[in-house]
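The values are calculated or read from the model by the stated rules, or taken from the named source; none is laboratory data. What you are looking at is a predicted structure, and each value in this text was computed from that prediction instead of being measured. Every residue, glycine as well, gets a Cβ built from its backbone with ideal geometry; the counts of neighbours run over all protein chains shown.
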Amino acid sequence: MVVLAVRVAPAAPDDFALRLSAAEQLYREGEYARAETTLRAVLKDAERFEPDDPRRAIALNNLGAVYHFMNKYPEAEHCYRRAMELEATIRWAGDDKPIRSVLNLAGLYIETGRYGKAEGLGLRSLAEQEPISRRNGTDYAKLLALLGHLERAQARYLQAQQYCERALAIYKYALPEGRETMETLSNLCILYGESGRSADALTSCEGALGLAERMRNLEPSLHVSLLANVGALQFLVHGPSDAEPFFNKALFVAENDLGAAHPVIGRILLSYAAVLDRTSRKTQAKECRRRAKVILEAASVTDSRKYTVDLDDLLKKSSRR
């Protein structure tokens, strides 16, 4: 999840705020190429502003966010870093110094597995600064969520859960129907599952799925992954009869909206095969694994693992409890 910088009123009458708003709307609607074009033009004009004009940093941060969603990671990193450098030179009123470019850059590093670089941005020190938490609660919640990711990467699951639970409390208050709340619930689902708390994982995942299904412009890959996760956890908590409808719906939606060869289908088929194995349908399970192997060998599975739990791993953890 990336965050856009807030809009600001221009120092002199011009259309900067209107153009920034238009780009933000395009971004929210998934029109990333058009948002990029708009923001590149905005940034070109902003380069003529005074060196301490905060609008240059805002334009850079928002362009970086667009590149980030387009998986143009080097371009996104360059924009975020420039925005951070500019923010460090600007005199902000009181304790109003923004942290969104830092958070976005940290999120990019975590997403691409560069945890050391994310740690090097000083997130833990930022989390201890009380003015940040008072000034902008949702930015502070993202900071906590990022620290949760870093703790999880180091297999410190309890600490990761605590950070994410604190973030969720803020998001539920400030953005009860927001994507941030949904993503934090989904992350907690994975964390609880990894520590054997299947019932808590199911509650979190059902909450994430409920929010996701009320959202506009939701990515089908996310929808089907959440459906499959609920199915996997339903199997652990309630059994196969409660799980199968979610797997069947996940596969139906995926095949219709993503195509029969999308990698997320491979991940879902592997989990569904684990259910079939334990309901004495070995032939169907074997066919699911065969099809999953074909799909996953033909495509990168990085994105498909972002939200999808591995039922085999969950079953092993459950059996050790």
Check your understanding: Can you pull out the helices (runs of 4 or more DSSP H) entirely within region 28-89 that have at least 3 residues that are surrounded by fewer than 16 Cβ atoms within 10 Å (Cβ to Cβ) and either without any contact (Cβ under 8 Å) to a residue 24 or more places away in the chain or of a type outside the set (Phe, Trp, Tyr) (or both)?
Key -> 32-46, 73-89
Check your understanding: Cβ-Cβ below 9 Å, separation at least six or inter-chain, first residue in region 246-258 and within 12 Å of Leu269 (Cα to Cα), second at pLDDT below 95 and surrounded by fewer than 16 Cβ atoms within 10 Å (Cβ to Cβ): which pairs?
Key -> Ala254/Pro220; Ala254/Ala260
**Study point:** Given (1) at pLDDT below 95; (2) farther than 28 Å from Glu255 by Cβ; (3) in contact with a Phe, Trp or Tyr (Cβ under 9 Å, 6 or more places away or on another chain), index of the condition Cys189 fails
**Key:** (2)
Review point. Is one or more of the residues making up region 285-299 part of a loop (DSSP other than H, G, I, E, B), modelled with pLDDT under 90 and of a type in the set (Asp, Glu)?
Key: no
Review point. For region 185-194, does any single residue satisfy the condition of being free of Cβ contacts under 8 Å to residues at least 24 places away in the same chain, assigned to a helix (DSSP H, G or I) and not assigned by TED's automatic domain parsing to the domain that holds Asn104?
Key: no
Point to revise | Considering residues of region 174-184 that are part of a helix (DSSP H, G or I) and touching a helix residue (DSSP H, G or I) at 6+ places or on another chain (Cβ under 6 Å) only, the residue farthest from Ser221 (Cα to Cα) | key: Ala174
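For (1) outside the structural domain of Glu151 (by TED's automatic domain parsing); (2) out of contact with any Ser or Thr (no Cβ under 7 Å at 6 or more places or on another chain); (3) crowded, with 24+ Cβ neighbours inside 10 Å; (4) free of Cβ contacts under 8 Å to residues at least 12 places away in the same chain, each residue gets a yes or a no:
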residue	(1), (2), (3), (4)
Tyr173	no, yes, no, no
Arg179	no, yes, no, no
Ala201	yes, yes, yes, no
Ser204	yes, yes, yes, no
Asn217	yes, yes, no, no
Asn229	yes, no, yes, no
Leu233	yes, no, yes, no
Leu236	yes, no, no, no
Study note, to complete from the structure: In region 160-218, residues that are small (Gly, Ala, Ser), farther than 22 Å from Glu111 by Cβ and out of contact with any Leu (no Cβ under 7 Å at 6 or more places or on another chain) total 6
Practice item. Being surrounded by fewer than 21 Cβ atoms within 10 Å (Cβ to Cβ) and within 24 Å of Thr112 (Cβ to Cβ) is the filter here, so list the residues in region 153-171 that pass it. Key: Ala153, Gln154, Ala155, Arg156, Tyr157, Gln159
Revision key, fill the gap. Of the residues in region 238-275, those that are in a loop (DSSP other than H, G, I, E, B) and among the small types (Gly, Ala, Ser) number 4
